[in-house]
Amino acid sequence: MASIREVAKLAGVSPATVSRVINGTANVDDEKKQRVLKVINETGFRPNELARALFKQSSKIIGVIVPNIENPFFSELSKAIEEEAYENGYKMLLCNSNNNEEKELMNIQMLNQLKADGLIMVTDSNNTIKNLEDNGFPVVLVDRKLSKINEIAIVESDNYSGGKIATKHLIECGCKNIVCMKGPQNISSAKQRYLGYQDICKEYGIKEQYIECGYSYDIGLIKAEELITKYPDVDGIIASNDMVAISVYKTLTQKGYNIPEDIQIIGFDNIKFSCLFTPEITTVAQPITKIGKKATQIIIQYRDGHNIERENIFDVELIERQTTKRKG
């Protein structure tokens, strides 16, 4: 592959002129520009992306750090981010942190060295965010709020309303012994969902019952066993997400329960698996694609000098399927 000096020699111009044509940093005589472009096309010349990034302080890369890429919510979120980035001339670099602060910091340092234009991040670590302040690129938090940080924006769903919607739906389906499989309460979105559940329980005079649960399918299997032992009279379950709802369904049916006749189940997220699974999972839908696209647009708009909204909260929606059944 030709170098920038070889391109300049073949086109009969200086290397500086080739650089100006490539980067669009200054006007170049049209005849010279066409000669340069012709040689670039003929030689297959490609500029050094890292060198350009260092010079411009921009790599057209948007970094994304998520806790667990195996979680379909984060996979679908990342897909939406990548598609929006591509449509706007950016690339996405995806990092999986496993909720490990050391990995988060390592990934942030790498993105800083690559001159990333911004970072979209899902984390529950204030320590990680504090270290971001020294890196200089804009940060958009998705799904989770943290205290005392300098992110440029937050993009999330109305998780509090989601908790209320899920609980109220089970009540309208005739459930009286509802158990909430609440997510980790150090995560703001999980906390808000549980608050929604609590408030509807108070409003309808229903006893608050819960099991602490994570977000993975395997954790769901374990916690479903614990739930049935602790609450044998349960007739309605609010799962922490759709994958947990699926694992709860599997555990209950193996024990001889009929769904939704004996116990009704509602999930959260509306991942694609929730309607591919049989029976289809009733769920509270987050607009995952819209969230990913919005987070990406914020980074790009911020880089272009536009004003942005710091708080971006999307409505959630009840999707009724086969794991719940309304009375009558």
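Here are the numbers for the structure shown:
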{"read-out": "Output for segment 202-218, where each listed residue is aliphatic (A, V, I, L, M) and under 20 Å from residue 284 (Cα atoms)", "value": "211"}
{"read-out": "Filter result for residue 73 (among the hydrophobic types (A, V, I, L, M, F, W, C) and either assigned by the TED database to the domain that holds residue 275 or modelled with pLDDT of 85 or more (or both))", "value": "yes"}
{"read-out": "Some residue of segment 298-319 being assigned to a helix (DSSP H, G or I), open to solvent by less than 10 Å² (accessible area, probe 1.4 Å) and not aliphatic (A, V, I, L, M)", "value": "no"}
{"read-out": "Given (1) surrounded by 16 or more Cβ atoms within 10 Å (Cβ to Cβ); (2) at pLDDT 95 or above, number of the condition residue 202 does not satisfy", "value": "(1)"}
{"read-out": "Only listed residue being within 21 Å of residue 153 (Cβ to Cβ) and modelled with pLDDT under 95, chosen from 313, 308", "value": "308"}
{"read-out": "Residues of segment 80-119 that turn out to be closer than 16 Å to residue 66 by Cα and outside any strand (DSSP E or B), as a count", "value": "18"}
{"read-out": "First in segment 267-285 and open to solvent by 10 Å² or more (accessible area, probe 1.4 Å), second anywhere and among the small types (Gly, Ala, Ser), Cβ under 7 Å, 6 or more apart", "value": "270/285; 280/274"}
{"read-out": "Residues that are open to solvent by 10 Å² or more (accessible area, probe 1.4 Å) and either outside any loop (DSSP other than H, G, I, E, B) or polar (S, T, N, Q) (or both), drawn from segment 205-217", "value": "209, 210, 212, 216, 217"}
{"read-out": "Every residue from segment 17-33 that is surrounded by 13 or more Cβ atoms within 10 Å (Cβ to Cβ) and at pLDDT 85 or above", "value": "17, 32, 33"}
{"read-out": "Every pair of residues 6+ apart whose Cβ atoms lie under 6 Å, when the first sits in segment 228-239 and is surrounded by fewer than 21 Cβ atoms within 10 Å (Cβ to Cβ) while the second is in a loop (DSSP other than H, G, I, E, B)", "value": "231/209; 233/177; 235/175; 235/177; 235/263"}
{"read-out": "Exclusive hit being within 16 Å of the chain's Cα centre (by Cα), β-branched (Val, Ile, Thr) and at pLDDT 95 or above, set 319, 291", "value": "291"}
{"read-out": "All positions within segment 67-82 that are open to solvent by less than 70 Å² (accessible area, probe 1.4 Å) and within 12 Å of residue 295 (Cα to Cα)", "value": "77, 78, 80, 81"}
{"read-out": "Matching entry among 256, 220 (being open to solvent by less than 50 Å² (accessible area, probe 1.4 Å) and either in a loop (DSSP other than H, G, I, E, B) or of a type in the set (Gly, Ala, Ser) (or both))", "value": "220"}
{"read-out": "Pairs where the first residue, in segment 91-118, is in contact (Cβ under 8 Å) with a residue 24 or more places away in the chain and open to solvent by 50 Å² or more (accessible area, probe 1.4 Å) and the second is in a loop (DSSP other than H, G, I, E, B) and basic (Lys, Arg), C-beta under 9 Å, 6+ apart", "value": "91/60"}
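Residue-wise test of (1) of a type outside the set (Val, Ile, Thr); (2) under 25 Å from the mean Cα position of the chain (by Cα); (3) modelled with pLDDT of 95 or more.
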site: 135; (1), (2), (3): yes, yes, no
site: 158; (1), (2), (3): yes, yes, yes
site: 161; (1), (2), (3): yes, yes, yes
site: 166; (1), (2), (3): yes, yes, yes
site: 191; (1), (2), (3): yes, yes, yes
site: 206; (1), (2), (3): no, no, yes
site: 223; (1), (2), (3): yes, yes, yes
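The values are calculated or read from the model by the stated rules, or taken from the named source; none is laboratory data. None of these values were measured; they are calculated from a predicted model. Cβ coordinates were reconstructed from backbone atoms using ideal geometry, including for glycine residues, and neighbour counts include every protein chain displayed. Quick note on the areas: whole protein, heavy atoms, side chains included, nothing else; ligands and nucleic acids left out. Shrake-Rupley method; radii C 1.70, N 1.55, O 1.52, S 1.80 Å.
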